[in-house]
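Chemist: What follows is a single structure, and I will ask about it in a moment.
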Amino acid sequence: MGSVLSAAMIGELLKTDPPLIEGMPHPDQALQPNGVDLSLMSVAHIRSAGCLGVQAEDRVLPDLAPQEFTDGWVCLPRGEYLITFNEIVHLPLHIMALGRPRSSLLRMAVSIGTAVWDAGYHGRSQSLLVVYNSHGVR
């Protein structure tokens, strides 16, 4: 049986060694009632097709075009982007995580596609950011 972690439980796990999450630029702002807001390290526009084959040698990742940040901001036109988070997660063996977009993004016609972070996962993650808004997003 599973449950959602509270801010207090997450706060305690942030004090462990290794911490649940490290590399948060603004930890006081990131901690939410039932999760943590992640921040962007990098954004890259997806410029070509990929190939997902049965064999590893059949797998081809698309070409990426890094997007530049100016004064801490990146302006993205409509399109698909690979985003890399600042934060590094260290999930204990009894905790898995799900990433979900904040409703603020959805109200701007922007979505984030995420994968499951399995129990025991350690590392920096990437996700798919899709800007549906024809006017883009900053």
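Chemist: If we keep just the residues of the stretch 115-138 that are of a type outside the set (Val, Ile, Thr) and touching a Cys at 6+ places or on another chain (Cβ under 9 Å), which is most open to solvent (accessible area, probe 1.4 Å)?
Modeler: Among those that are of a type outside the set (Val, Ile, Thr) and touching a Cys at 6+ places or on another chain (Cβ under 9 Å), it is ARG138.
Chemist: Mind listing whichever residues of the stretch 80-98 are touching a Leu at 6+ places or on another chain (Cβ under 9 Å) and not aromatic (Phe, Trp, Tyr)? I'd like the intermediate steps shown before the answer.
Modeler: As a first pass, look at the stretch 80-98 and keep what is touching a Leu at 6+ places or on another chain (Cβ under 9 Å): 80-87, 89-92, 95, 97.
Passing the criteria: GLU80, LEU82, ILE83, THR84, ASN86, GLU87, VAL89, HIS90, LEU91, PRO92, ILE95, ALA97.
Chemist: Which residues, counting only those in the stretch 81-120, are under 9 Å from the mean Cα position of the chain (by Cα) and polar (S, T, N, Q)?
Modeler: Residues satisfying the conditions are THR84, ASN86, THR114.
Chemist: Please verify whether ILE83 is assigned to a helix (DSSP H, G or I) and either without any contact (Cβ under 8 Å) to a residue 60 or more places away in the chain or in contact with a Pro (Cβ under 7 Å, 6 or more places away or on another chain) (or both), treating the condition exactly as stated.
Modeler: no
Chemist: For the subset of the stretch 55-77 comprising residues that are farther than 24 Å from TYR132 by Cβ and part of a loop (DSSP other than H, G, I, E, B), which member is most open to solvent (accessible area, probe 1.4 Å)?
Modeler: If we take residues in the stretch 55-77 being farther than 24 Å from TYR132 by Cβ and part of a loop (DSSP other than H, G, I, E, B), then ASP71 is most open to solvent (accessible area, probe 1.4 Å).
The values are calculated or read from the model by the stated rules, or taken from the named source; none is laboratory data. Just so you know, these numbers come straight off a predicted model, no measurement behind them. Positions of Cβ are generated from backbone atoms using ideal geometry, with glycine treated the same way; all protein chains shown enter the neighbour counts. What goes into the accessible areas is simple: the full protein's heavy atoms, side chains included, and nothing from ligands, DNA or RNA. Shrake-Rupley method; radii C 1.70, N 1.55, O 1.52, S 1.80 Å.
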